[in-house]
1. Using the structure shown, decide if residue 217 is part of a loop (DSSP other than H, G, I, E, B), buried (at least 20 other Cβ atoms within 10 Å of the Cβ) and in contact with a strand residue (DSSP E or B) (Cβ under 8 Å, 6 or more places away or on another chain).
2. So, in the stretch 288-334, how many residues would count as being charged (D, E, K, R), out of contact with any Pro (no Cβ under 7 Å at 6 or more places or on another chain) and in contact (Cβ under 8 Å) with a residue 60 or more places away in the chain?
3. For residues that are among the β-branched types (Val, Ile, Thr) and buried (at least 16 other Cβ atoms within 10 Å of the Cβ), scanning just the stretch 194-212, find the one that is nearest to residue 233 (Cα to Cα).
4. For residue 142, all conditions in the list (1) assigned to a helix (DSSP H, G or I); (2) crowded, with 21+ Cβ neighbours inside 10 Å hold save one; what is the number of the exception?
5. Let me confirm something: among 315, 340, which residue is closer than 30 Å to residue 242 by Cβ and part of a strand (DSSP E or B)?
6. Where the second residue is crowded, with 19+ Cβ neighbours inside 10 Å and the first is within 18 Å of residue 90 (Cβ to Cβ) and lies in the stretch 119-133, which pairs have Cβ atoms under 6 Å and are six or more apart or on separate chains?
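The values are calculated or read from the model by the stated rules, or taken from the named source; none is laboratory data. Small disclaimer: the values here were computed from a predicted structure and weren't measured. Every residue, glycine among them, receives a Cβ derived from its backbone with ideal geometry; neighbour counts consider all protein chains shown.
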Amino acid sequence: MNIAKEGNMKIQSIKTNRTKARTPMFIIAMAVAGVCLTTGNVQAQEKGRTYSKSEVMDAIEDEFIFDGAVPHQSLDMEMNSGVLTIRGTVNNILAKERATVIAETVRGVKSVVNLIDVKPGTSVTAAGLAANIEDALLQDPATESYEVDVNATEKGKVTLTGTVDSWQERGLCATVAKSVRGVTGLENNITVDYDSQRTDYDISKEIERRLKWDVLVDDAMIDVNVDDGNVTLTGTVGSAAEKSQARYNALVAGTENVDVSGLKVERWARDEDLREDKYVDVADKEIEDAVRKAFIYDPRLMSTDVTIKVTDGNVTLRGIVDNAKARQAAEKDARHTVGVIGINNRIKVRPEELLGDAVVESNVRQKLMLDPWLESYKIEVEAVNGYVYLTGRVDSAFEKSHATSVAYGAEGVIEVRNRLSVLSDDTVVVYDPYVWYNYPVSWEFYPAHSEPDSAYPAMEDNEIVEEINSELFWSPFVDSDDITITVNNGIAMLTGTVESMKEKEAATENAFEGGAAGVVNKIDVSSDS
């Protein structure tokens, strides 16, 4: 039998029975078809293009440079068989972890070994650090009621203990603690105490459901096995970022621990034929149920009452929440649900207690001062009836957007109006659901210039088109065959059809990374693509 024909037959079999895609013969057929990556020093080939591990590392460094939050100059990388090792020094633990998350979004990376050292620029006493973290947990609208104890050492090592109701609450506590200046390492010893026991079957089915409805994971070839609460995920995913997201989805009620060592990362797993069942037309009622269940797993929404209405894939959210981060978390959860093509967020923020403007200003200043990325900036804060205005100057668009996120975490804030100016006016921030997953703010796309028509591109239009195509190639989340790029005076126009909002957003980020001075994204989102 012709091997290429056999490969096509195998792909066709997936359309009727996805489990057959896990056979060794399918992997062999995909390799012969020229879509499986080789590793080590040998160049890999995909879609007729070859690239070496040094090119993969260059692509990762380009992502660091574009992001602006990871100091690429102080980092060294080496790569062997798709495993990336990063060494160097950063001044905060969030930058260290962000380096891993960014690297996982680059094609060719199968896993990341992060050996970066954290050395804060300023020292904080152990008692002072513990007190600052306790204050941060108390001020956060979601963690304020948790019973968590904090222990810190003079070297910035932090240990959290206590008991919470879910893995998501446990993770949120760690995120809040790491956001405090001076933390160099964190050991999370918080235990999860479930209200009731669940059978392995129930746990398995819940994980499969979460994988199915999460737009950030192509679950075609993931097997779930649960033994006495111990979850094992095996099979194949299309990127290291998807592997991390799959692990996150396995943290359901009843889970004791999660093993993803048997979940392989192979680029060919992003083949459109494997995803066909993921993006079939979904009934509005099914989308509504999936969004509602996503809210259950978000600790910022556990005590809120948000109504969900879905019309032709467009989600409208209504209700009243007591803090701004809950409003943003609801939009983020809906955005990451399969079948959603648009969101209208009409949720209103009404704090349980209206704090005076002076108190709100003080709360925001305290948050900004303790943040490891923003401590060195003098940001002016003014509050008017819970609306917070930020003015001042920062170095990058990332820091401007991060300041918004930090301010939203302060008690009493209803909305943030960010008027910070950016020193480097050629930087942009776009919403990347993998990189920004733990941040509740769903940023819109920030053009490099406020008036795109007057932008001054750094390259000729044809060069920008070439660079955007290159960025699309390195992204494991976008099929460049579905997108048409035209550039006029530095402004990129994107057209075509993709299967999810995730792909549309990723394409915009790729266009900015390719040197576009502005991006007009007219890509359609359709399950019929």
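1. Numbers: part of a loop (DSSP other than H, G, I, E, B): yes; buried (at least 20 other Cβ atoms within 10 Å of the Cβ): yes; in contact with a strand residue (DSSP E or B) (Cβ under 8 Å, 6 or more places away or on another chain): yes.
The answer is yes for residue 217.
2. Going residue by residue through the stretch 288-334, those that are charged (D, E, K, R) are 288-289, 292-293, 298, 300, 305, 309, 312, 318, 322, 325, 327, 331-333.
Now narrow it down to the ones that are out of contact with any Pro (no Cβ under 7 Å at 6 or more places or on another chain): 288-289, 292-293, 298, 305, 309, 312, 318, 327, 331, 333.
Filter again for in contact (Cβ under 8 Å) with a residue 60 or more places away in the chain, leaving 293, 298, 331.
Within the stretch 288-334, residues that are charged (D, E, K, R), out of contact with any Pro (no Cβ under 7 Å at 6 or more places or on another chain) and in contact (Cβ under 8 Å) with a residue 60 or more places away in the chain number 3.
3. 207
4. (1)
5. On inspection, the qualifying residue turns out to be 315.
6. 120/91; 120/182; 121/91; 124/182; 129/152; 129/182
Residue-by-condition table, conditions (1) out of contact with any helix residue (DSSP H, G or I) (no Cβ under 8 Å at 6 or more places or on another chain); (2) free of Cβ contacts under 8 Å to residues at least 60 places away in the same chain; (3) closer than 30 Å to residue 184 by Cα:
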site: 367; (1), (2), (3): no, no, yes
site: 378; (1), (2), (3): yes, yes, yes
site: 381; (1), (2), (3): no, yes, yes
site: 393; (1), (2), (3): yes, yes, yes
site: 405; (1), (2), (3): yes, yes, yes
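Table: residues versus (1) modelled with pLDDT of 90 or more; (2) charged (D, E, K, R); (3) within 21 Å of residue 207 (Cβ to Cβ).
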site	(1), (2), (3)
251	yes, no, yes
264	yes, yes, yes
269	no, no, yes
279	no, no, yes
302	no, no, yes
305	no, yes, no
315	yes, no, no
336	no, no, yes
